[in-house]
Amino acid sequence: MENEDINSKPKLSFVICHLSFVKIARREVFRICKKPVYFFCMLVAPVICVVFFLSLMKEGLPTDMPIAVVDMDGSSNSRNLVRQLDAFEQTKVVQTIVSFEEARRAMQEGKVYGIFYIPKDFGVDATAGRQPKLSFYTNGTYLIAASLLFRDMKTMSVLAGASVGLQTGLAHGYTEGQIMAQLQPIVIDTHAIGNPWLNYSVYLNNTLLPGVLQLMIFLVTVMSIGSEIKYSTAREWLAMGGNSLTVSLIGKILPYTVIFTTVAFLYAAALYGFNSFPLNSGWLPMLSALFLLVIASQAVGIFMIGVLPTFRLGLSFACLFGMIAFSIVGFSFPVLGMDPTLQALSDLFPLRHYFLIYVDQALNGRPFFYSWTEYAWLTGFLVLPFLIGKNLKNALLYFKYIP
């Protein structure tokens, strides 16, 4: 009889915990339904972002970006040069004028993103071998437009020089093979791996959208726990979990975990299914990474409100930390090029490890062996709530919110 009682205690304890999870989760669902801000952060904002960013960059690269050509030569050679420049996919010549001041004003007013300047007597000087100079200007305020137009105008200048060299060489009796050996002694054969289309949507959206999701998770997690302190309902919440912070936290964040995981998987469906972005290692590695990103971000959110257990400061911490992630994870500027201190700090962001998994698994299709440390990092974030458990529980029991 005594043995039966001893064996029944773990079972009873499990049943009580299970009932506590269910009660707290049900209570949280009612709280979510009462406050539209939760619905907005968890569903509306992510959906708006995925529709906005995917439609904004649906062409992959911006095309037909306007430039002005200042043609001071007006010869057949310069007109042919302008036609070839206009034939580039990213470039559209909208103005061909002879006044540099007018072109400069058009750039300052935002009507054009670049200026291509052809000097006077360009054709004659080029044929005579006097090395005329082609000049081009771009508006660095528009980073992507400026870099793409700079590439097109530079390519056109090199091609123009090669064309003149070819014509001059033929006039001197050299064969085309002899001339090309001088113009291009080394032939470059380039192949872009991972993203051979140079599609900006593939490059940006696979990190921007999870970054937005991470930010929303930070905010919702901090808000859901911080509101318990603000409205003095924390004791009631803890009592439902048998005064166990672990049981209370798991029951509370469970509905958010389900919702955010569903949203993350819908992101994956939109990116890798509907838009057919590269997914070289299959679905499982990326779905696993997204799930770990969700729970790791929730763990960081709990840590935030535990360190700063006030509604205002907790949300400020979440906003700041979430926004910095877009700059420090390495998709816009390589982490190896940053200061060593920032390189170390980048590991504190779940999005950083998700980004490395995405590069290895989805883009490059490498074996799991090369990414297991990043999965381990995401799992390791789950330790954070235990580090501030005592501080958070004291705040929930004794902190008095001051408006």
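The values are calculated or read from the model by the stated rules, or taken from the named source; none is laboratory data. Since we're looking at a predicted model, the values are computed, not measured. Counting neighbours? That spans all protein chains shown, and the Cβs are built from the backbone with ideal geometry, glycine included. In case anyone asks, the SASA skips ligands and DNA or RNA and just uses the protein heavy atoms, side chains included. Shrake-Rupley method; radii C 1.70, N 1.55, O 1.52, S 1.80 Å.
The figures follow:
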item	result
Three-way shape call for region 276-366 based on the alpha-carbon gyration tensor, with the a/c threshold at 1.5	oblate
Spacing of the two label points (7 Å from each Cα toward its C-beta) at LEU397 and PHE52, in nm	4.4
Length gained when the stretch LEU61-VAL258 is fully extended (0.36 nm per residue, less Cα-Cα span)	67.4 nm
Acute angle (nearest 10 degrees) that the helix 311-328 long axis makes with the longest principal axis of the chain, alpha-carbon atoms	30
Partner lysines for LYS35 [C-alpha distance under 29 Å; skip if fewer than 8 residues away on the same chain]	LYS23, LYS230, LYS252, LYS390, LYS393, LYS400
Calculated on alpha-carbon atoms, Rg and Dmax of region 223-300 in Å	16.8, 50
Alpha carbon convex hull of region 350-389, projected area averaged over orientations, nm²	2.7
Table column - 3J(HN,Hα) (Hz), region 26-33, Karplus curve with 6.51, -1.76, 1.60, x for Gly and Pro	5, 4, 5, 4, 5, 5, 5, 5
Hydrodynamic radius by Kirkwood, which averages 1/r over all alpha carbon pairs of region 58-168, in angstrom	14.1
Per-pair calculated FRET efficiency, R0 = 35 Å: LEU382 and LEU342 via Cβ, rounded to 0.05	0.90
Förster-model FRET efficiency, 25 Å R0, LEU43 and CYS319, C-beta, rounded to 0.05	0.80
Sequence-distant residues sharing a close amide H with SER135 (under 5 Å, placed H)	TYR117
Which labelled figure in (i) 64, 63, 39; (ii) 111, 48, 39; (iii) 60, 59, 51 is Cα extents along the principal axes in Å, once derived from the coordinates	(ii)
1.4 Å probe accessible area per residue over the chain, in Å²	54
Radius of gyration and Dmax over the Cα atoms of region 239-392, both given in Å	16.7, 50
Label-reachable residues, region 44-73, where backbone N falls under 19 Å from a point 7 Å from ILE97's Cα toward its Cβ	65-73
Distant-in-sequence amide H partners of THR96 (H built 1.01 Å from N, under 5 Å)	VAL69
Accessible surface of the chain [probe 1.4 Å, protein heavy atoms]: carbon and sulfur percent	65
Inter-label distance for VAL22 and TRP283, nm, one decimal - labels placed 7 Å from Cα along Cα-to-Cβ	3.0
Simple spin-label estimate for ASP86 and GLN131 in nanometres, 7 Å along Cα-Cβ	3.2
